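Reviewing the structure listed below.
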Amino acid sequence: MKRVVVGLSGGVDSSVAAYLLQEQGYEVIGLFMKNWHDDSVTISNECPWLEDSNDALLVAEKLGIPFQTVDLSEEYKEKIVDYMFKEYEQGRTPNPDVLCNREIKFDVFMKIAMSLGADYVATGHYCRKGIIENNGEEVYQLLAGKDDNKDQSYFLCQLSQEQLSKALFPIGELTKPEVREIAAKLDLITAEKKDSQGLCFIGKVRLPEFLQQKLQPKEGIIIEVSSDADIFNETTMKFSNEEEAFAFESRNRDYTNERGKVVGKHQGAHYFTKGQRKGLNVGGTKEALFVIETDVEKNIIYTGQGSSHPGLYKKALFIKNEEVHWIREDLSLQPNETMEVMARIRYRQPLQKATLHQFENGMYVVFNEPQSAITEGQFVAWHKDDEVLGSGVIS
């Protein structure tokens, strides 16, 4: 019997994953990850990990599998929380869920599982794993989950071949309603439990308060930039090569010389992100205000009215070489090579047609259509059909 350690989160997905593995004849061990101690910033009385670890324990008892809790809060603080603070400080917007999978679940947690003699680690992610042969070697594929509504392959877009080789995703072929049905038939306590929201394994966190622990509030101004400002009237530029053209397409606009009008105050530009609409607390505009740029050095937020404001849109983004990650290393591009792909810049965004252009110092992802709120620090993931080939941090 092959041994599998399942990350039991106290939710319905990982509960059913554990059951399915049992049915497939694996020896299953349930492990709950405790990643958080500080309840001062979690919302209301939702002390998520206590309730979740109890639910995970009850599921393990019901299934008759060994269960234990591992405390990874130190590693989580160092690898995820400290990283988040650093990124926000620099005016970037990190994605803790993608990082949590790469650094915690499929690294720290996986090492613990292997030390328990496990052959595999399994999670309740809605995605699938494929195995193909290439030049006599096994190559692992990360495939989208069968349930289009729940496909979570984006959150695993930073996994490596090594990590995928030891990963199992038992519910990838199922839809959410099917998973709930199985849990209800088994009379599992998690059958009707709502999906967790908020940070990976921390639960609902009030982000501004969370950030304020480290990043001090400092008052600044909110400037509104008109959609017909000079900065958007770009005359046709002449570029000596493609790389120059893409660099221009992907640049951040500099609004310092635009005659915008001051419409309000904020408590710190580092609390805001491109495309954000809530939390500006500015009234009296015809259309909703959106953040189009933040300047953390000068502590200014630039905004524009309406979701079609030209300041929100760009056709290209850049990834530094060290931030380009191929799951399918055998398909990685060499300088001056291109690849047509489908790509997304955030979870649940419908896939968009794009072309990857690899140059000496990094890669440009150039979209067929302009994309709204391309945000530094977030991940772009690229696909061929239902396979995630790679990803990168937007720089």
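A short reminder: the numbers here are calculations on the coordinates, not readings from a lab. Nothing here was measured: the structure is a model prediction, and the numbers come from that model. Cβ placement follows ideal geometry from the backbone for every residue including glycine, while neighbour counts extend to all protein chains displayed.
What is the log10 of I(q)/I(0) for segment 28-151, computed with the Debye formula using one identical point scatterer on each Cα and no solvent, at q = 0.09, 0.18, 0.19 Å⁻¹? Reported log10 I(q)/I(0), two decimals: -0.35, -1.24, -1.31. By the rule of a C-alpha distance below 18 Å, with chain neighbours fewer than 8 residues away ignored, the lysines paired with K194 are K150, K176, K185, K204.
Calculated mean residue ellipticity, 222 nm, the chain: -5500 deg cm²/dmol, from DSSP H runs (n ≥ 4) at -39500 (n - 2.57) each, averaged per residue and rounded to 500. Given +1 at the Cβ of Lys and Arg, -1 at the Cβ of Asp and Glu and no other charges, the dipole of the chain around its Cα centre is 960 debye to the nearest 20. For K315, a cut-off of 18 angstrom between C-alpha atoms picks up these lysines, skipping any fewer than 8 places away in its own chain: K238, K274, K353. The C-alpha radius of gyration of segment 3-212, expressed as a fraction of 2.2 N^0.38 Å, stands at 1.01.
When +1 charges are put on Lys and Arg Cβ atoms and -1 charges on Asp and Glu Cβ atoms, the dipole computed for segment 313-393 relative to its Cα centre reaches about 420 debye.
Once you keep just the Cα pairs under 8 angstrom separated by 6 or more residues, what percentage relative contact order results for the chain?
For the chain, the relative contact order is 16 percent.
Largest mean-square fluctuation among G377, G260, G268, in a Gaussian network model of the chain whose springs join Cα atoms under 10 Å apart, belongs to G260. Evaluated over the Cα positions of segment 252-298, the convex hull gives a direction-averaged projected area, one quarter of its surface, of 3.7 nm². Across all Cα pairs in the chain, the calculated P(r) in 20 Å bins from zero up to the longest distance comes to 25, 53, 20, 1 percent per bin.
What length, rounded to one decimal in nm, is gained on full extension from S165 through to E322, with 0.36 nm per residue of separation minus their alpha-carbon distance? Don't skip to the end; give the middle numbers.
Numbers: separation 157, 0.36 × 157 = 56.52 nm, distance 2.29 nm.
Additional length available on full extension: 54.2 nm.
Of the residues A381, A247, A122, the one that moves most in a GNM of the chain with alpha-carbon contacts below 10 Å is A247. Placing unit charges on each Cβ (+1 for Lys and Arg, -1 for Asp and Glu) gives the chain a dipole about its Cα centre, and among A245, G362, S372 the Cα reaching farthest toward its positive end belongs to S372.
Note on D119 and E133: their simple-model spin labels are 2.0 nm apart, each label 7 Å out from Cα toward Cβ. Cβ-to-Cβ counts within 10 Å put I65, I292, I223 in ascending order as I65, I223, I292, the fewest first. Computed FRET efficiency, Cβ-Cβ of N368 and S308, R0 25 Å: what is it to the nearest 0.05? For N368 and S308, the calculated efficiency is 0.90. Full extension of the chain segment joining Y83 with Q216 gains 46.2 nm, where the gain is 0.36 nm per residue of separation less the Cα-Cα distance. Taking the chain as a Gaussian network of alpha-carbon nodes connected by springs under 10 Å, the highest mean-square fluctuation of the residues L50, L159, L351 belongs to L50. Fewest neighbouring Cβ atoms within 10 Å first, the residues W382, W326 line up as W326, W382.
Bridging of K111 to lysines at a Cα separation below 22 Å is possible for K2, K34, K77, K79, K129, K166, once same-chain residues fewer than 8 apart are set aside.
Counted by neighbouring Cβ atoms within 10 Å, the residues Y88, Y347 run from fewest to most as Y347, Y88.
Ordering N135, N54, Y76 by the projection of their Cα atoms onto the charge dipole of segment 3-212, which places +1 on the Cβ of Lys and Arg and -1 on the Cβ of Asp and Glu, puts N135 at the extreme positive end. With semi-axes defined as the square roots of five times the eigenvalues of the C-alpha gyration tensor, the equivalent ellipsoid of segment 313-393 measures 18, 14, 12 Å, largest first.
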